[in-house]
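Q: Please find one structure pasted underneath; my questions will follow.
The values are calculated or read from the model by the stated rules, or taken from the named source; none is laboratory data. Not measured: the values here are computed from a predicted model. Here the Cβ positions follow ideal geometry from the backbone for every residue, glycine too, while neighbour counts run over all protein chains shown. Quick note on the areas: whole protein, heavy atoms, side chains included, nothing else; ligands and nucleic acids left out. Shrake-Rupley method; radii C 1.70, N 1.55, O 1.52, S 1.80 Å.
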Amino acid sequence: MNRKTAALAFAGASLFAITAAQAAEITVWCWDPNFNVAIMKEAGEIYAKTHPDFKLNVVDFAKVDLEQKLQTGLASGVADGMPDIVLIEDYGAQKYLQSFPDSFAPLSDKVDYSGFAPYKVALATLDDKVYSMPFDSGVTGFYYRKDLLSQAGFQPADLQDLTWDKYIEIAKVVEEKTGKKMLAYDPNDAGLTRIIMQSAGGWYFDKDGNLSIEGNTALKAALEVIQKIQTSKIFRPAAGWADWVGAFTGGEVASVTTGVWITGTVKSQPEQSGNWGIAPIPKLEIEGATHYSNLGGSSWYVLSASAAKDEAIDFLNEIYAKDVDFYQKILVDRGAVGSLLAAREGEAYKSSDPFFGGEPIWQTFSDWLSKVPSVNYGTFTNEVDSVVAAHQPELANGTSVDDVIKAIDEQAQTLVQ
(Lines give C-alpha, C1' and ligand atoms only; values in the text may rest on other atoms or scores of the structure.)
Protein backbone atom coordinates (compact mmCIF):
# COMPACT_ATOMS: atom_id res chain seq x y z
CA MET A 1 0.00 0.00 0.00
CA ASN A 2 1.55 3.37 -1.02
CA ARG A 3 1.45 6.47 1.11
CA LYS A 4 -1.48 8.00 -0.80
CA THR A 5 -3.53 4.82 -0.56
CA ALA A 6 -2.74 4.51 3.11
CA ALA A 7 -3.78 8.09 3.70
CA LEU A 8 -7.06 7.52 1.90
CA ALA A 9 -7.63 4.34 3.89
CA PHE A 10 -6.91 6.15 7.13
CA ALA A 11 -9.25 9.00 6.16
CA GLY A 12 -11.94 6.49 5.29
CA ALA A 13 -11.51 4.70 8.60
CA SER A 14 -11.61 8.01 10.44
CA LEU A 15 -14.77 9.03 8.61
CA PHE A 16 -16.34 5.69 9.51
CA ALA A 17 -15.40 6.17 13.17
CA ILE A 18 -16.89 9.66 13.17
CA THR A 19 -20.05 8.43 11.46
CA ALA A 20 -20.40 5.58 13.96
CA ALA A 21 -19.98 7.97 16.84
CA GLN A 22 -22.57 10.32 15.35
CA ALA A 23 -24.96 7.45 14.77
CA ALA A 24 -24.79 6.62 18.46
CA GLU A 25 -25.83 10.14 19.50
CA ILE A 26 -29.50 9.95 20.40
CA THR A 27 -31.76 12.99 20.54
CA VAL A 28 -34.76 12.74 22.84
CA TRP A 29 -37.72 15.09 23.11
CA CYS A 30 -39.71 15.17 26.35
CA TRP A 31 -41.14 17.52 28.96
CA ASP A 32 -40.82 18.16 32.71
CA PRO A 33 -37.17 18.78 33.71
CA ASN A 34 -37.62 17.34 37.20
CA PHE A 35 -39.21 14.11 36.05
CA ASN A 36 -39.02 12.87 32.45
CA VAL A 37 -35.92 14.86 31.47
CA ALA A 38 -33.99 13.97 34.62
CA ILE A 39 -34.95 10.30 34.39
CA MET A 40 -33.94 10.04 30.73
CA LYS A 41 -30.58 11.62 31.50
CA GLU A 42 -30.08 9.09 34.29
CA ALA A 43 -30.87 6.28 31.84
CA GLY A 44 -28.31 7.69 29.41
CA GLU A 45 -25.59 7.81 32.05
CA ILE A 46 -26.18 4.17 32.97
CA TYR A 47 -26.14 3.00 29.35
CA ALA A 48 -22.96 5.00 28.60
CA LYS A 49 -21.07 2.98 31.22
CA THR A 50 -21.12 -0.03 28.91
CA HIS A 51 -21.35 1.94 25.64
CA PRO A 52 -18.60 4.60 25.93
CA ASP A 53 -19.32 6.13 22.50
CA PHE A 54 -22.98 6.68 23.37
CA LYS A 55 -24.15 10.28 23.57
CA LEU A 56 -27.59 11.45 24.64
CA ASN A 57 -29.09 14.84 23.84
CA VAL A 58 -32.26 15.37 25.88
CA VAL A 59 -34.28 18.36 24.74
CA ASP A 60 -36.77 19.80 27.23
CA PHE A 61 -40.01 21.26 25.85
CA ALA A 62 -43.25 22.41 27.36
CA LYS A 63 -45.63 19.52 26.69
CA VAL A 64 -47.91 21.50 24.38
CA ASP A 65 -44.91 22.80 22.40
CA LEU A 66 -43.52 19.30 21.98
CA GLU A 67 -46.85 17.99 20.70
CA GLN A 68 -47.19 20.84 18.22
CA LYS A 69 -43.62 20.46 16.95
CA LEU A 70 -43.98 16.67 16.65
CA GLN A 71 -47.29 16.99 14.82
CA THR A 72 -45.82 19.52 12.36
CA GLY A 73 -42.73 17.43 11.74
CA LEU A 74 -44.61 14.19 11.15
CA ALA A 75 -47.09 15.92 8.85
CA SER A 76 -44.26 17.37 6.75
CA GLY A 77 -42.63 13.98 6.30
CA VAL A 78 -39.19 15.56 6.69
CA ALA A 79 -36.84 13.73 9.05
CA ASP A 80 -34.38 16.61 9.50
CA GLY A 81 -34.70 18.26 12.88
CA MET A 82 -36.77 15.45 14.33
CA PRO A 83 -35.75 13.42 17.41
CA ASP A 84 -34.73 9.78 17.56
CA ILE A 85 -36.90 9.14 20.63
CA VAL A 86 -39.96 11.08 21.72
CA LEU A 87 -42.17 10.91 24.80
CA ILE A 88 -45.90 10.62 24.06
CA GLU A 89 -48.66 10.77 26.63
CA ASP A 90 -50.60 7.50 26.63
CA TYR A 91 -53.91 9.19 25.88
CA GLY A 92 -52.51 10.42 22.55
CA ALA A 93 -50.64 7.29 21.48
CA GLN A 94 -53.23 5.81 19.11
CA LYS A 95 -53.83 9.17 17.47
CA TYR A 96 -50.18 9.41 16.49
CA LEU A 97 -49.88 5.76 15.47
CA GLN A 98 -52.97 5.83 13.29
CA SER A 99 -52.56 9.34 11.88
CA PHE A 100 -48.93 8.82 10.91
CA PRO A 101 -48.54 5.17 9.86
CA ASP A 102 -44.98 3.93 9.52
CA SER A 103 -43.64 7.00 11.36
CA PHE A 104 -42.78 5.01 14.47
CA ALA A 105 -40.63 1.90 14.70
CA PRO A 106 -42.38 -1.25 15.94
CA LEU A 107 -40.47 -2.73 18.86
CA SER A 108 -42.28 -6.06 19.14
CA ASP A 109 -39.40 -8.12 17.77
CA LYS A 110 -36.87 -6.51 20.12
CA VAL A 111 -38.70 -6.06 23.43
CA ASP A 112 -40.14 -8.70 25.75
CA TYR A 113 -43.48 -7.11 26.56
CA SER A 114 -44.58 -9.95 28.83
CA GLY A 115 -42.69 -8.19 31.61
CA PHE A 116 -44.76 -5.00 31.49
CA ALA A 117 -48.17 -4.08 32.87
CA PRO A 118 -50.63 -5.36 30.24
CA TYR A 119 -52.68 -2.18 30.01
CA LYS A 120 -49.57 -0.16 29.08
CA VAL A 121 -48.71 -2.57 26.27
CA ALA A 122 -52.27 -2.64 24.91
CA LEU A 123 -52.53 1.12 24.50
CA ALA A 124 -49.48 1.21 22.19
CA THR A 125 -50.51 -1.80 20.09
CA LEU A 126 -51.76 -1.41 16.53
CA ASP A 127 -52.35 -4.26 14.08
CA ASP A 128 -50.67 -6.69 16.47
CA LYS A 129 -47.47 -4.64 16.65
CA VAL A 130 -46.32 -2.80 19.77
CA TYR A 131 -44.65 0.56 19.25
CA SER A 132 -43.77 1.96 22.66
CA MET A 133 -41.29 1.43 25.41
CA PRO A 134 -43.69 1.61 28.37
CA PHE A 135 -42.59 4.13 30.96
CA ASP A 136 -44.33 5.67 33.96
CA SER A 137 -47.63 4.52 35.32
CA GLY A 138 -50.60 6.54 36.45
CA VAL A 139 -51.94 3.67 38.58
CA THR A 140 -54.44 5.22 40.95
CA GLY A 141 -54.97 5.14 44.69
CA PHE A 142 -57.27 6.52 47.36
CA TYR A 143 -55.07 8.67 49.60
CA TYR A 144 -56.75 9.51 52.89
CA ARG A 145 -56.02 11.36 56.10
CA LYS A 146 -55.92 8.68 58.78
CA ASP A 147 -56.27 11.22 61.55
CA LEU A 148 -59.42 12.79 60.11
CA LEU A 149 -61.01 9.45 59.22
CA SER A 150 -60.22 8.21 62.73
CA GLN A 151 -61.94 11.24 64.25
CA ALA A 152 -64.99 10.27 62.21
CA GLY A 153 -64.86 6.71 63.53
CA PHE A 154 -63.22 4.95 60.58
CA GLN A 155 -60.07 2.82 60.64
CA PRO A 156 -57.88 1.72 57.70
CA ALA A 157 -59.63 -1.67 57.56
CA ASP A 158 -62.93 0.14 56.88
CA LEU A 159 -61.52 1.68 53.71
CA GLN A 160 -60.11 -1.34 51.91
CA ASP A 161 -63.10 -2.52 49.89
CA LEU A 162 -65.27 0.53 49.33
CA THR A 163 -67.97 1.10 46.78
CA TRP A 164 -68.58 4.64 45.64
CA ASP A 165 -71.89 4.72 47.48
CA LYS A 166 -70.15 3.71 50.70
CA TYR A 167 -67.46 6.33 50.04
CA ILE A 168 -70.15 9.02 49.82
CA GLU A 169 -71.75 7.79 53.06
CA ILE A 170 -68.37 7.97 54.81
CA ALA A 171 -67.80 11.45 53.38
CA LYS A 172 -71.00 12.73 54.99
CA VAL A 173 -69.92 11.37 58.38
CA VAL A 174 -66.44 12.85 57.99
CA GLU A 175 -67.88 16.30 57.39
CA GLU A 176 -70.30 15.93 60.29
CA LYS A 177 -67.56 14.87 62.71
CA THR A 178 -64.62 16.96 61.50
CA GLY A 179 -66.05 19.80 59.44
CA LYS A 180 -63.87 18.72 56.49
CA LYS A 181 -65.07 17.88 53.02
CA MET A 182 -64.00 14.48 51.70
CA LEU A 183 -62.37 15.69 48.49
CA ALA A 184 -61.54 18.67 46.34
CA TYR A 185 -63.25 18.52 42.97
CA ASP A 186 -63.30 20.64 39.84
CA PRO A 187 -66.54 19.97 37.90
CA ASN A 188 -64.80 21.23 34.75
CA ASP A 189 -62.17 18.48 34.89
CA ALA A 190 -63.09 14.94 33.82
CA GLY A 191 -60.11 13.20 35.44
CA LEU A 192 -62.17 11.51 38.15
CA THR A 193 -64.70 10.37 35.56
CA ARG A 194 -61.91 8.73 33.57
CA ILE A 195 -60.56 7.00 36.69
CA ILE A 196 -63.95 5.55 37.59
CA MET A 197 -64.76 4.55 34.02
CA GLN A 198 -61.48 2.72 33.37
CA SER A 199 -61.73 0.88 36.69
CA ALA A 200 -64.63 -1.04 35.14
CA GLY A 201 -62.86 -1.60 31.82
CA GLY A 202 -64.66 1.16 29.97
CA TRP A 203 -63.53 4.18 27.96
CA TYR A 204 -64.90 6.71 25.50
CA PHE A 205 -64.04 4.18 22.80
CA ASP A 206 -64.67 0.46 22.52
CA LYS A 207 -62.01 -2.22 22.15
CA ASP A 208 -61.87 -1.56 18.39
CA GLY A 209 -61.42 2.19 18.84
CA ASN A 210 -64.97 3.16 17.86
CA LEU A 211 -66.73 5.95 19.75
CA SER A 212 -68.70 4.49 22.65
CA ILE A 213 -70.80 6.99 24.59
CA GLU A 214 -74.43 5.94 24.52
CA GLY A 215 -74.82 2.40 25.81
CA ASN A 216 -71.48 2.61 27.63
CA THR A 217 -72.27 1.05 31.01
CA ALA A 218 -69.01 2.10 32.67
CA LEU A 219 -69.30 5.72 31.52
CA LYS A 220 -72.92 5.95 32.66
CA ALA A 221 -72.06 4.48 36.06
CA ALA A 222 -69.11 6.88 36.40
CA LEU A 223 -71.28 9.90 35.62
CA GLU A 224 -73.88 8.66 38.11
CA VAL A 225 -71.16 8.73 40.78
CA ILE A 226 -70.09 12.20 39.68
CA GLN A 227 -73.69 13.39 39.98
CA LYS A 228 -73.98 11.93 43.50
CA ILE A 229 -70.73 13.61 44.52
CA GLN A 230 -71.93 16.95 43.20
CA THR A 231 -75.47 16.81 44.58
CA SER A 232 -74.46 15.46 47.99
CA LYS A 233 -72.10 18.42 48.44
CA ILE A 234 -69.29 16.27 49.84
CA PHE A 235 -66.61 18.17 47.93
CA ARG A 236 -64.75 21.42 48.27
CA PRO A 237 -64.88 23.18 44.86
CA ALA A 238 -61.48 23.50 43.19
CA ALA A 239 -60.62 25.93 40.43
CA GLY A 240 -57.67 24.49 38.55
CA TRP A 241 -54.61 22.47 39.48
CA ALA A 242 -53.03 24.72 42.12
CA ASP A 243 -56.28 25.15 44.02
CA TRP A 244 -56.96 21.41 43.87
CA VAL A 245 -53.50 20.56 45.20
CA GLY A 246 -53.71 23.22 47.88
CA ALA A 247 -56.93 21.71 49.22
CA PHE A 248 -55.34 18.42 50.27
CA THR A 249 -51.83 19.62 51.07
CA GLY A 250 -53.37 22.38 53.17
CA GLY A 251 -55.52 20.00 55.20
CA GLU A 252 -58.82 21.31 53.88
CA VAL A 253 -60.08 17.91 52.70
CA ALA A 254 -59.80 14.36 54.00
CA SER A 255 -58.72 12.50 50.84
CA VAL A 256 -57.63 12.59 47.23
CA THR A 257 -58.14 9.92 44.57
CA THR A 258 -55.69 10.18 41.69
CA GLY A 259 -52.52 8.77 40.08
CA VAL A 260 -49.46 7.59 41.99
CA TRP A 261 -47.49 10.52 40.62
CA ILE A 262 -49.17 12.72 43.27
CA THR A 263 -47.27 10.94 46.08
CA GLY A 264 -44.44 13.45 46.13
CA THR A 265 -46.92 16.29 46.40
CA VAL A 266 -48.77 14.61 49.26
CA LYS A 267 -45.44 14.19 51.04
CA SER A 268 -44.48 17.83 50.53
CA GLN A 269 -45.94 18.74 53.93
CA PRO A 270 -43.59 17.12 56.50
CA GLU A 271 -45.82 18.11 59.40
CA GLN A 272 -48.45 15.69 58.04
CA SER A 273 -46.11 12.69 58.21
CA GLY A 274 -47.85 9.67 59.69
CA ASN A 275 -51.30 11.08 59.04
CA TRP A 276 -51.77 9.65 55.55
CA GLY A 277 -52.71 6.20 54.32
CA ILE A 278 -53.59 4.65 50.97
CA ALA A 279 -56.32 2.24 49.96
CA PRO A 280 -57.65 0.88 46.67
CA ILE A 281 -60.01 3.30 44.95
CA PRO A 282 -63.74 2.67 45.49
CA LYS A 283 -65.35 0.50 42.84
CA LEU A 284 -68.56 0.63 40.86
CA GLU A 285 -71.31 -1.91 41.39
CA ILE A 286 -71.51 -3.14 37.82
CA GLU A 287 -70.14 -6.12 35.92
CA GLY A 288 -66.39 -5.89 35.39
CA ALA A 289 -65.86 -3.38 38.21
CA THR A 290 -62.49 -3.37 39.98
CA HIS A 291 -60.62 -1.23 42.51
CA TYR A 292 -57.86 -0.45 39.99
CA SER A 293 -57.43 2.26 37.41
CA ASN A 294 -55.03 4.68 35.78
CA LEU A 295 -54.72 8.43 35.28
CA GLY A 296 -52.08 9.79 32.94
CA GLY A 297 -48.75 8.16 32.18
CA SER A 298 -46.56 8.24 29.09
CA SER A 299 -44.22 6.07 27.01
CA TRP A 300 -41.17 6.38 24.76
CA TYR A 301 -41.36 5.99 20.96
CA VAL A 302 -38.61 5.63 18.35
CA LEU A 303 -39.07 7.36 15.01
CA SER A 304 -38.71 5.12 11.99
CA ALA A 305 -36.73 7.75 10.09
CA SER A 306 -34.10 8.03 12.79
CA ALA A 307 -30.56 7.50 11.52
CA ALA A 308 -29.78 6.03 14.94
CA LYS A 309 -32.89 3.88 15.18
CA ASP A 310 -31.10 0.66 16.09
CA GLU A 311 -29.02 2.35 18.79
CA ALA A 312 -32.11 4.08 20.16
CA ILE A 313 -34.01 0.81 20.41
CA ASP A 314 -31.09 -0.98 22.03
CA PHE A 315 -30.71 1.82 24.57
CA LEU A 316 -34.39 1.75 25.55
CA ASN A 317 -34.42 -2.03 25.66
CA GLU A 318 -31.34 -2.35 27.84
CA ILE A 319 -32.39 0.24 30.41
CA TYR A 320 -36.18 0.53 30.42
CA ALA A 321 -36.99 -3.13 29.68
CA LYS A 322 -34.30 -4.88 31.72
CA ASP A 323 -32.56 -2.73 34.34
CA VAL A 324 -34.41 -3.31 37.61
CA ASP A 325 -31.86 -1.25 39.55
CA PHE A 326 -32.62 1.75 37.33
CA TYR A 327 -36.25 1.57 38.41
CA GLN A 328 -35.23 1.51 42.07
CA LYS A 329 -33.19 4.67 41.59
CA ILE A 330 -35.86 6.67 39.78
CA LEU A 331 -38.42 5.58 42.36
CA VAL A 332 -36.27 6.87 45.21
CA ASP A 333 -35.02 9.99 43.42
CA ARG A 334 -38.13 10.99 41.44
CA GLY A 335 -41.08 9.04 42.79
CA ALA A 336 -41.50 7.39 39.40
CA VAL A 337 -43.42 4.11 39.35
CA GLY A 338 -42.41 2.39 36.14
CA SER A 339 -44.50 -0.24 34.42
CA LEU A 340 -41.84 -2.98 34.36
CA LEU A 341 -43.32 -5.55 36.71
CA ALA A 342 -39.97 -7.09 37.67
CA ALA A 343 -39.04 -3.83 39.37
CA ARG A 344 -41.45 -4.78 42.16
CA GLU A 345 -38.83 -7.21 43.49
CA GLY A 346 -36.30 -4.44 44.14
CA GLU A 347 -35.47 -3.12 47.59
CA ALA A 348 -36.86 0.36 46.98
CA TYR A 349 -40.27 -1.04 46.10
CA LYS A 350 -40.29 -3.21 49.19
CA SER A 351 -39.27 -0.43 51.57
CA SER A 352 -41.70 1.07 54.05
CA ASP A 353 -42.53 4.77 54.02
CA PRO A 354 -42.59 6.57 57.38
CA PHE A 355 -44.75 9.34 55.94
CA PHE A 356 -47.49 6.76 55.37
CA GLY A 357 -47.09 5.18 58.80
CA GLY A 358 -44.59 2.59 57.61
CA GLU A 359 -46.75 1.22 54.80
CA PRO A 360 -44.86 -0.29 51.81
CA ILE A 361 -46.79 1.98 49.47
CA TRP A 362 -44.61 1.42 46.39
CA GLN A 363 -45.08 -2.34 46.60
CA THR A 364 -48.81 -1.78 46.99
CA PHE A 365 -49.05 0.52 43.99
CA SER A 366 -46.98 -1.84 41.85
CA ASP A 367 -49.28 -4.73 42.80
CA TRP A 368 -52.30 -2.67 41.74
CA LEU A 369 -50.49 -1.76 38.52
CA SER A 370 -50.76 -5.30 37.17
CA LYS A 371 -54.54 -5.27 37.74
CA VAL A 372 -55.48 -2.10 35.85
CA PRO A 373 -58.07 -2.94 33.14
CA SER A 374 -56.86 -2.49 29.57
CA VAL A 375 -58.83 -0.09 27.39
CA ASN A 376 -58.46 1.45 23.95
CA TYR A 377 -57.84 5.19 24.26
CA GLY A 378 -58.77 5.65 20.60
CA THR A 379 -57.59 8.59 18.55
CA PHE A 380 -59.68 11.37 20.07
CA THR A 381 -59.55 10.88 23.84
CA ASN A 382 -58.54 14.47 24.57
CA GLU A 383 -61.24 15.89 22.32
CA VAL A 384 -64.04 13.75 23.75
CA ASP A 385 -62.77 14.34 27.27
CA SER A 386 -63.17 18.09 26.81
CA VAL A 387 -66.80 17.51 25.81
CA VAL A 388 -67.43 15.38 28.91
CA ALA A 389 -65.83 18.04 31.13
CA ALA A 390 -68.00 20.73 29.57
CA HIS A 391 -71.21 18.80 30.34
CA GLN A 392 -70.34 17.60 33.87
CA PRO A 393 -71.58 20.77 35.62
CA GLU A 394 -75.08 20.04 34.28
CA LEU A 395 -75.24 17.01 36.56
CA ALA A 396 -75.27 19.26 39.62
CA ASN A 397 -78.36 21.01 38.30
CA GLY A 398 -80.46 17.86 38.23
CA THR A 399 -80.06 17.06 34.54
CA SER A 400 -80.42 13.32 34.12
CA VAL A 401 -77.33 11.27 33.37
CA ASP A 402 -79.06 9.89 30.26
CA ASP A 403 -79.64 13.40 28.92
CA VAL A 404 -76.05 14.39 29.62
CA ILE A 405 -74.77 11.27 27.86
CA LYS A 406 -76.98 12.01 24.85
CA ALA A 407 -75.61 15.56 24.64
CA ILE A 408 -72.04 14.29 24.96
CA ASP A 409 -72.63 11.71 22.24
CA GLU A 410 -74.10 14.22 19.79
CA GLN A 411 -71.20 16.61 20.24
CA ALA A 412 -68.54 13.89 20.23
CA GLN A 413 -69.87 12.43 16.98
CA THR A 414 -68.97 15.67 15.20
CA LEU A 415 -65.39 15.50 16.50
CA VAL A 416 -64.49 12.00 15.37
CA GLN A 417 -65.64 12.19 11.77
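Q: How do Asp314, Asp112, Asp136 stack up against each other in accessible area, from largest to smallest, with a 1.4 angstrom probe?
A: Accessible-area ranking of Asp314, Asp112, Asp136, largest first: Asp112, Asp314, Asp136.
Q: Let me ask you something else. Before I look further, what does the range 61-132 give for accessible area per residue, probe 1.4 Å, in whole square angstrom?
A: 46 Å²
Q: Take each of the peptides 233-242, 116-125, average the number of other beta-carbon atoms within 10 Å over its residues, and list them starting from the highest.
A: 116-125, 233-242
Q: Would you tally the net charge around Ser339, using a Cβ to Cβ cut-off of less than 9 Å, leaving Ser339 out, and scoring K and R as +1, D and E as -1?
A: After counting each charged neighbour, the total is 0.
Q: Moving on to the next point. Would you please calculate the Kirkwood hydrodynamic radius of the range 143-184 over all C-alpha pairs and express it in Å, rounded to one decimal?
A: 10.2 Å is the Kirkwood radius here.
Q: Which aspartates and glutamates, on any chain, are close to Lys406 with Cα under 13 Å apart, when same-chain ones fewer than 8 places away are left out?
A: Glu214, Glu394
Q: Once you have the Cα-Cα distance between Glu45 and Lys350, take 0.36 nm times their residue separation minus that, and quote the gain in nm to one decimal.
A: So the chain would gain 107.3 nm between Glu45 and Lys350.
Q: Using a 1.4 angstrom probe and counting only protein chains, how large is the accessible area of Thr290 in Å², to 10?
A: Per-residue accessible area (Thr290): approximately 30 Å².
Q: Let me ask another. Could you tell me what percent of the accessible area of the chain is made up of carbon and sulfur, with a 1.4 Å probe and every protein chain present?
A: Reported share for carbon and sulfur atoms: 50 percent.
Q: Turning to a different aspect of this structure: Within the range 322-353, find all residues whose amide N lies under 11 Å from a label point positioned 7 Å from the Cα of Ser370 along Cα-to-beta-carbon.
A: Within reach of a label on Ser370: 341-345.
Q: Now for a different question. If we restrict to alpha carbons, what Rg and Dmax does the chain come to, in Å?
A: 23.6, 95
Q: Just need the relative contact order of the chain here, percent rounded to a whole number, with Cα pairs under 8 Å and 6+ apart.
A: Over the chain, the number comes to 26 percent.
Q: Only helical DSSP H runs with n ≥ 4 go in: add -39500 (n - 2.57) per run for the chain, normalise by residue count and round the 222 nm mean residue ellipticity to 500 deg cm²/dmol.
A: Helix-only estimate at 222 nm: -13000 deg cm²/dmol.
Q: Taking every DSSP beta bridge with both residues inside the chain, roughly what % is antiparallel (nearest 5)?
A: Taking every DSSP beta bridge with both residues in the chain, the antiparallel ones total about 65 percent.
Q: Which length gain, in nm to one decimal place, applies between Glu252 and Thr163 when the Cα-Cα distance is subtracted from 0.36 nm times their residue separation?
A: 29.7 nm
Q: Give the accessible surface of the range 252-389 per residue, rounded to a whole number of Å², with probe radius 1.4 Å and ligands, DNA and RNA excluded.
A: 34 Å²
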